[in-house]
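The values are calculated or read from the model by the stated rules, or taken from the named source; none is laboratory data. None of the values given here were measured: they were computed from a predicted structure. Please note that ligands, DNA and RNA were not included when accessible areas were found on the heavy atoms of the full protein model with its side chains. Shrake-Rupley method; radii C 1.70, N 1.55, O 1.52, S 1.80 Å.
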Amino acid sequence: MGDMLGTMNWKALIEDLLKTGMTQNEIAVLVGCRQGYVSDVLNGRRGKSLSYEIGSRLIALHADRAPKAA
């Protein structure tokens, strides 16, 4: 998973989670960051790379909560 973290589209993962009805704050709590950090990723102010911990938690949350592609 380490190599994959550098090439993920973090904004798209968060957008998918928001489409499920989750809030930025809920996402932040579950991945271990502040709501402002989630907002910064969505607005392109952050997101080139995330810490391993936050990135891996975001991937796991997306896998658990976001709709699966057909």
Accessible area per residue for the chain in Å², computed with a 1.4 Å probe and the full protein assembly in place, what is it?
63
Using a 1.4 angstrom probe on heavy atoms only, work out the carbon and sulfur share of the accessible area of the chain in %.
51
Taking 2.2 N^0.38 Å as the expected size of a compact globular protein, what ratio does the Cα radius of gyration of the chain give against it, to two decimals?
0.99
